[in-house]
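Enquirer: Sharing a structure here in structure tokens format.
The values are calculated or read from the model by the stated rules, or taken from the named source; none is laboratory data. Predicted, not measured: the structure shown is a model, and the values here were computed from it. Using ideal geometry, Cβ is built from the backbone for each residue, glycine included, and neighbour counts are taken over all protein chains shown.
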Amino acid sequence: MTDKISRKVKIGYGAGEFSSSIFFTITSFWLMNFLTDEVQLSAALAGTALLIGKIWDAVIDPFIGYFSDHTRSRWGRRRPYILFFTIPFAIAFVLMFRNPGIEAQNGKFWWTLLTYIFFCTVYSFTNIPYNALLPEISQDYNERTNISGYKQAFAVIGTILGAGAAMPIMALFASKTAGFIGMSAIFGFLAALSLMFTFFSVREPEHIEKPKGENLLKSLGDVFTNKPYLLLLTAWFSNSTAVAVMEAMLVYYYKYVFQAESAVTLAMITLLVVTIATIPFWVWLAKRLSKKATYIIGMSLTLLAVVVFAFTADALGQVGALAIMIVAGFGFSSHYVLPWAMAPDTIEFGYAKTGIRREGVYYSIWTFVIALGGALAGFLVGQSLDLFGYIPNIAQSATSILGIRLLIGPLPALLILISNLALIFYPLDKKRYEEVQATIRAREAKPE
């Protein structure tokens with residue numbers, strides 16, 4: 001069975017991922033550094049605030065997914081949330097990068113926590129319904145990989161823009177504080193624009209029926225008995241945390257190990273240009289091997305690259321460091337494509353098993369897990385920097401430099417290894433997925 005989607009719809013849907021990529025790029029590369037070096041909040045308190053914000057996410061995300069599954073409107077189930085929460089999303093993005101000018105550490109902590117919680121809330125109200133659109137656009141195994149390729153191409157475009165333009169934009173303003181506000185306002189506007197483009201470009205299939213006999217606890221219970229989904233979720237969480245740690249530490253590595261902070265922009269751009277350029281390769285390879293094998297191969301390259309970078313990049317010099325970035329970006333590209341192509345397959349597996357569609361609940365957990373990975377990365381980075389004696393804006397001790405090396409290399413490598421171990425047991429290949437689709441067709445052919 002084939003289910004071809006027009007290029008216009010693929011582009012329209014993919015454009016919405018630009019908003020997520022801006023959020024994750026700026027927060028991954030800059031938020032922790034903004035809080036420690038600009039707001040002057042202690043690294044431990046900064047990491048704690050980010051983690052608490054994601055605990056809040058853990059509470060609200062399943063509700064958002066559940067409400068999305070049960071929404072009926074003239075715009076569909078998912079698109080109303082994109083429409084009404086896009087502007088608050090942009091506003092929250094600016095607030096998150098506003099230095100409150102508070103002297104007390106407790107006051108800085110509460111400002112950080114509340115603005116981050118506000119952002120996480122409105123982000124979830126747009127991102128969970130957006131991601132839940134993908135299984136509804138197409139049920140074809142390979143077509144979903146193609147759509148994910150468009151989606152992640154926009155993700156990397158946003159990531160490159162965020163990584164490459166953040167520092168130059170901030171440099172246009174009179175102070176670093178004003179620069180962070182100006183940068184976040186520009187990116188917040190572009191993120192909102194991309195979401196609105198998706199709203200007007202994509203149409204949902206009509207859903208007249210509502211799930212029957214459902215409540216949130218039952219929905220969550222069924223989701224957490226979906227073995228393929230849980231294995232993929234484990235890999236997704238572990239790899240996302242690894243990537244977030246690596247990205248958060250890149251600024252610290254260039255600022256304090258290389259002692260060339262301005263060079264970090266070129267490193268980010270190199271990493272991400274290679275990432276977007278090699279997306280078609282991973283799409284091609286997944287069709288010839290399997291999605292699982294391709295994902296393992298890609299992230300294994302990243303594992304090797306980050307370990308080599310941590311302990312040799314400063315000795316090799318900036319050219320050598322960029323060469324390692326090319327290898328890391330090549331492998332990292334698989335993380336932009338494969339999990340997004342695999343997640344809808346696991347959701348269809350759940351539908352075949354239960355007869356109830358729960359895309360919103362599935363993607364609420366999916367969205368929460370990647371955000372939790374980022375927050376856990378911030379917590380680990382913050383606590384570890386404090387443990388190794390990090391003090392902002394001065395020459396670091398040998399112990400602190402060792403901590404930076406361990407955080408940018410061995411820690412992400414360990415997390416990637418955990419992900420690969422989980423993926424080994426992932427059972428859905430193309431043949432198994434076609435069996436799932438046959439079960440679904442047989443179920444839907446039966447009269448009610």
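Enquirer: So which of Phe119, Phe180 is more than 18 Å from the chain's Cα centre (by Cα), under 17 Å from Asn99 (Cα atoms) and aromatic (Phe, Trp, Tyr)?
Expert: Selected residue: Phe180, the only one of Phe119, Phe180 that is more than 18 Å from the chain's Cα centre (by Cα), under 17 Å from Asn99 (Cα atoms) and aromatic (Phe, Trp, Tyr).
Enquirer: Which residue is nearest to Thr302 (Cα to Cα), if the candidates are limited to the range 381-393 and must be part of a helix (DSSP H, G or I) and in contact with a Leu (Cβ under 7 Å, 6 or more places away or on another chain)?
Expert: Val381
Enquirer: Being buried (at least 21 other Cβ atoms within 10 Å of the Cβ), in a helix (DSSP H, G or I), among the small types (Gly, Ala, Ser) and over 17 Å from the mean Cα position of the chain (by Cα) narrows it down to one of Gly374, Gly350, Gly378, so name that one.
Expert: That would be Gly350, the only listed residue that is buried (at least 21 other Cβ atoms within 10 Å of the Cβ), in a helix (DSSP H, G or I), among the small types (Gly, Ala, Ser) and over 17 Å from the mean Cα position of the chain (by Cα).
Enquirer: Tell me the residue from Tyr141, Tyr130 that is more than 26 Å from Gln40 (Cβ to Cβ), modelled with pLDDT under 85 and touching a Lys or Arg at 6+ places or on another chain (Cβ under 8 Å), please.
Expert: Going through Tyr141, Tyr130 in turn, the sole match is Tyr141.
Enquirer: Which residue out of Ser364, Ser333 is buried (at least 24 other Cβ atoms within 10 Å of the Cβ) and modelled with pLDDT of 90 or more?
Expert: Just a single option satisfies the conditions, and that option is Ser333.
Enquirer: So in the range 155-181, with the set limited to residues that are in contact with a helix residue (DSSP H, G or I) (Cβ under 9 Å, 6 or more places away or on another chain) and hydroxyl-bearing (Ser, Thr, Tyr), which one is surrounded by the fewest Cβ atoms within 10 Å (Cβ to Cβ)?
Expert: Checking each candidate, the answer is Thr177.
Enquirer: If I filter the range 382-429 down to residues being out of contact with any Gly (no Cβ under 6 Å at 6 or more places or on another chain) and aromatic (Phe, Trp, Tyr), which single residue comes out as surrounded by the fewest Cβ atoms within 10 Å (Cβ to Cβ)?
Expert: Looking at residues that are out of contact with any Gly (no Cβ under 6 Å at 6 or more places or on another chain) and aromatic (Phe, Trp, Tyr), I get Phe425.
Enquirer: Let me ask something additional. Determine, yes or no, whether Thr270 is of a type in the set (S, T, N, Q), part of a helix (DSSP H, G or I) and under 18 Å from Pro412 (Cα atoms).
Expert: In short, no.
Enquirer: While we're looking at this one, here's another question. So which of Val273, Val245, Val264 is touching a residue at least 12 places away in the same chain (Cβ under 8 Å), surrounded by fewer than 24 Cβ atoms within 10 Å (Cβ to Cβ) and under 17 Å from Arg405 (Cβ atoms)?
Expert: Val264
Enquirer: Whether any residue in the range 285-307 is more than 22 Å from Gly162 (Cβ to Cβ) and not in a helix (DSSP H, G or I) is what I want to check.
Expert: Yes, the range 285-307 has at least one match.
Enquirer: How many of the residues making up the range 33-77 are of a type in the set (Ser, Thr, Tyr), assigned to a helix (DSSP H, G or I) and closer than 30 Å to Pro392 by Cα?
Expert: The qualifying residues number 2.
Enquirer: Do we have Val327 as surrounded by fewer than 23 Cβ atoms within 10 Å (Cβ to Cβ) and within 22 Å of Ile279 (Cα to Cα) here?
Expert: So Val327 passes the test.
Enquirer: So which helices (runs of 4 or more DSSP H) stay within the range 78-145 end to end and still have 3 or more residues that are in contact with a Leu (Cβ under 6 Å, 6 or more places away or on another chain)?
Expert: Counting at least 3 such residues, we get 105-132.
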